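A short reminder: the numbers here are calculations on the coordinates, not readings from a lab. Because the structure is predicted, anything quoted here is derived from the model rather than measured. Ideal geometry is used to build each Cβ from the backbone, glycine not excepted, and the neighbour counts take in all protein chains shown.
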């Protein structure tokens, strides 16, 4: 893996609206893809991951992500935002080129408006 | 089952001082990692270990040292602290590499003045 790009350092949505957090990666070999969430003043925890099984991956708290190889994307979505979803979200990729070390995106802070 | 624990939670260091950040896991995972998190930069890997007695450098190892004498413990040593080492440090553990989940500790916030 060479890099991970998360579009938008901050994303603001209204409570009940669709959440879409974008992640694009570069990798010349089959990747593993991850989304982690970080709540304020806490460590990171896994939301979901893609490990070469189904391309649509469901995670915790109603989040899901779709692996699209042709677009080198792994965008995170949730149909209806809750106030408790306010956090920072990180996309990460690992593959044989990175010796399976995680390469991280810069993160996207999700803000939920009441 | 505490998972991954880190101490201290917060520390202020003067330039040139040294300190050790502690990391302990009770999951019996072989792989352990140290990351630093700077605002807007994501996480950068400092060092990692694939088992007791084996460590290797990550992307940003300069100014740090590690040891892994047991499966449980993976301390990170800062020698001659510099303002550039002001950051939040996270320790993580995993059963193996590849598609495996990394489990993170709560972090240590370090301020070097």
Item to complete: Using only the Cα atoms, work out Rg/Rh for region B:14-76, with Rh taken as the Kirkwood radius, to two decimals.
Response: 0.99
Worksheet item: Taking the convex hull of the alpha carbon atoms in the protein assembly as shown, what volume per residue do you get, in Å³?
Response: 119 Å³
Worksheet, complete the sentence: Partner shielding of A:104-111, taken as the mean number of other chain Cβ atoms within 10 Å, equals 3
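Among the DSSP beta bridges whose two residues both lie in chain B, what percent are antiparallel, rounded to the nearest 5?
On the way: 33 of 37 bridges.
Rounded to the nearest five, the antiparallel share is 90 percent.
Exposure proxy check: A:10, A:75 ranked by fewest other beta carbons within 10 Å? Working shown, then result.
Details: A:10 10, A:75 19.
Fewest-to-most ranking of A:10, A:75: A:10, A:75.
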Worksheet entry | Residue with peak Gaussian network fluctuation, chain A [Cα springs, cutoff 10 Å], from A:99, A:41, A:24 | A:41
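Given Cα pairs under 8 Å that are at least 6 residues apart, what percent is the relative contact order of chain A?
On the way: 295 pairs, mean separation 43.6, N = 114.
Reported as a whole number, the value is 38 percent.
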Worksheet, complete the sentence: Per 10 angstrom bin, beginning at 0 and ending with the bin that holds the maximum distance, the Cα pairs of chain A fall in percents of 15, 49, 29, 6, 0
Worksheet item: Pick from A:54, A:87, A:17: which residue has the top mean-square fluctuation in a GNM of chain A where Cα pairs under 10 Å get a spring?
Response: A:54
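For region B:55-113, compute Rh as the Kirkwood radius over C-alpha pairs and then the Stokes-Einstein diffusion coefficient at 25 °C and 0.890 mPa s; write the answer in µm²/s, rounded to an integer. Don't skip to the end; give the middle numbers.
Working: Rh = 13.2 Å.
Diffusion coefficient, whole number: 186 µm²/s.
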Discussion item. For chain B, compute Rg over Rh where Rg is the Cα radius of gyration and Rh is the Kirkwood radius from the inverse mean 1/r over Cα pairs.
Written reply: 0.95
